[in-house]
Amino acid sequence: MGIEATRRVTLVFSLFDANANGVLEADDFDLMADRVVREAHASDRAAKDAMRAAFRRYWTTLRTELDADGDGDGEISFEEFTACVLSPERFDATVGVFAEALAALGDPDGDGLIERPLFMALMTAIGFEPANIDALFDAFEPNDGDRIRVETWVAGIKDYYAPGKAGIPGDHLVVGTAV
């Protein structure tokens with residue numbers, strides 16, 4: 001596993017720890033889902049429900065696969081989190097569902113393209129830094145209309161969790177952040 005992957009998941013852990021208590025809990029994922037869905041003004045109910053379900057699946061996968069201390073406390077430590085999300089055999093299906101749901105929120109008109117303002121709003125709701133989000137969007141090589149393809153974002157999200165990937169667009173999200 002590369003240092004880039006570790007930096008990426010360290011950042012995600014800190015963002016998902018919505019109440020900043022040092023562990024992930026079910027409530028963190030509910031809070032995050034609420035923040036992201038709130039920014040999806042033009043998305044229909046089905047897309048919003050799919051995003052909420054993807055956040056619940058993310059939590060359920062972590063909870064099912066982990067809690068290594070076996071105390072049933074419903075808390076996931078950073079070490080437990082990293083062990084799961086950087087293990088493709090344990091997490092790829094979950095991240096795929098998450099990526100599809102998030103990208104669908106970014107494409108409420110269903111044209112297969114995501115506009116920068118909505119991308120920025122959704123990623124800011126997750127907690128990423130605006131300058132880093134902007135750099136990520138640019139790395140996805142937007143078209144002349146300043147839009148990216150849905151499948152580009154989906155692939156980018158999946159790559160973000162790939163332990164062996166380095167030099168990917170998602171690395172822009174950790175530049176200049178305190179991880």
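For the chain, a crude dipole built from +1 on the beta carbon of Lys and Arg and -1 on the beta carbon of Asp and Glu, taken about the Cα centre, is about 260 debye to the nearest 20. In the chain, the longest principal axis of the Cα atoms and the axis of helix 45-65 are about 30 degrees apart. Contact order, relative form, for segment 1-146: 26 percent (alpha carbon pairs under 8 Å, 6 or more residues apart, mean separation divided by residue count). Neighbours of Ala162 by Cβ distance under 14 Å: Lys/Arg scored +1, Asp/Glu scored -1, total 0. Rounded to the nearest 10 degrees, the angle from helix 116-126 to the longest Cα principal axis of the chain is 10 degrees. Amide hydrogen proximity for Gly106: with H placed 1.01 Å from N in the peptide plane, no residue at 5 or more positions away or on another chain lies under 5 Å.
Quick one: with all protein chains in place, what share of the accessible area of segment 1-80 is carbon or sulfur, to the nearest percent (1.4 Å probe)? Its accessible area is 49 percent carbon and sulfur atoms. Among Leu31, Leu24, the sequence by solvent-accessible area, most first, with a 1.4 Å probe is Leu31, Leu24. Counting only protein heavy atoms and using a 1.4 Å probe, the accessible area of Ile3 comes to about 110 Å². Accessible area per residue (1.4 Å probe, heavy atoms of protein chains only) ranks Met120, Met32 as Met120, Met32, with the largest value leading. Set against the labelled values (1) 123; (2) 104; (3) 113, volume of the Cα convex hull per residue in Å³ computed from this structure falls on (2).
The residues of the chain present an accessible area of 45 Å² per residue when probed at 1.4 Å with all protein chains retained. Going by accessible surface with a 1.4 Å probe and the largest first, Arg8, Arg38, Arg149 read Arg38, Arg149, Arg8. Taking the helices alone, the chain has a mean residue ellipticity at 222 nm of -19000 deg cm²/dmol, built from -39,500 (n - 2.57) per DSSP H run of at least 4 residues and averaged over all its residues.
By the scheme Lys and Arg +1, Asp and Glu -1, what is the net charge of all other residues having a beta-carbon under 10 Å from that of Ala83? Every neighbour counted, the sum reads -2. The residues neighbouring Asn143, those whose beta-carbon lies less than 13 Å from its own, together hold a net charge of -3 under the Lys/Arg +1, Asp/Glu -1 convention.
The values are calculated or read from the model by the stated rules, or taken from the named source; none is laboratory data. Computed from a prediction, not measured in an experiment: that's the story for all the values here. Please note: Cβ atoms are built from the backbone with ideal geometry, for glycine as well, and neighbour counts cover all protein chains shown. When the accessible area is computed, the model is the full protein with side chains, heavy atoms only, and any ligands, DNA or RNA have been set aside. Shrake-Rupley method; radii C 1.70, N 1.55, O 1.52, S 1.80 Å.
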